[in-house]
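Below is one structure, written out as structure tokens; comments come after it.
Bear in mind these aren't lab numbers, they're just calculated from the coordinates by the rules spelled out. These figures come from a predicted structure and were not determined experimentally. Here the Cβ is made from the backbone with ideal geometry for all residues, glycine too, and neighbour counts use every protein chain on show.
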Amino acid sequence: MLNKQSCVISVSNKEDKTILFKVRDRKYIPKLRVYHELVNGVEVLYVKDEITAWIEGVNEYGIGLINSALLVKRDENEGLNPIRRKQQGRVMSRDGNRVLKILSSRTIEEALDMVLKYDEGIKGHTFISDGTTTYSIEHTSKLKPKFRKLKSGTTHVRTNHGVLHPGAGYGGGASLESSIQRKEMVERVLKRSKKIKDISPNIFNESLKAKNDFNSAVRAKTKEDALEMFTSSLIAFNLQDRKIMLYILQDKGDYLGYIRNLNGQTKCSFDVYRFNKDNQIEKLGNKPDQFVEDVSRDM
């Protein structure tokens, strides 16, 4: 049985908006919280995994960032390394602080420069966009970063095999086949999804047709593969509206709520949803400081 899988990211245009989208896979149950604050004087709204310090978000200038692994073993072991687990509970992501620094950018050029250079750069596949200009960057600890400006208004999907670095990531066999098929599934669903609100439900429902299939974009954890990667959340960034739409899978992730550390009117906003046990969508609270530990399993 194939024992590897990791995140899918995409950029597309829906309703004349640039949408960054991600399917996030983990081996553990993430605890996600939304933060709204000023970073170096810039309004930033972001989702943080409190277990590993993973962060992705959007800022007041419509700059957003999403990332998928190319050295997938790092993603699979994040939060589970047995040596560091004894020391501090979980393996912490080094990218969290990098992402916050990048999201304090005021221009896409400044953001790109930091993706490439700040604190040795962001590793993996990265899409960064301000809603008008989008860049794709590939970088691993073994390969220097390469980037490409993407054609505006088109759809691009990345999984866990290299495009600018063809030898990076999954290089063959069932793992590469999974990476290719998950990419193709998301491309098909994005093509037929006309509205922003349809993206996450359509990808979730398409995957339900083969929910235990390792080649599906959204994968459910089963008793037989309890130690393998499973999908915990889906997240979309509407860059023109500076809005985050976070979808959490019941029993696969916990929503801890929203913490707002700034006053006055803001440009960024968000909604949080859950796919419940009946695979229906429920909207969760997004009021400041409103959170309940383990809410996705308690409700």
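Close amide H pairs (under 5 Å, H built 1.01 Å from N) link Glu43 with Glu60, residues at least 5 positions away or on another chain. Provide the FRET efficiency to the nearest 0.05 for the Arg260-Val42 pair, computing r from the beta carbons and using R0 = 22 Å. After rounding, the FRET efficiency stands at 0.90.
With a cap of 14 neighbouring Cβ atoms within 10 Å, and only residues DSSP puts in a loop, list the trypsin sites (Lys or Arg not before Pro) found in region 109-142. Let's see the in-between values first.
Values: sites: Lys117, Lys123, Lys142; in loops: Lys123, Lys142.
Here the sparse-neighbourhood loop sites are Lys142.
A full extension of the chain between Lys101 and Lys151 corresponds to an added length of 15.4 nm, given 0.36 nm per residue minus the alpha carbon distance.
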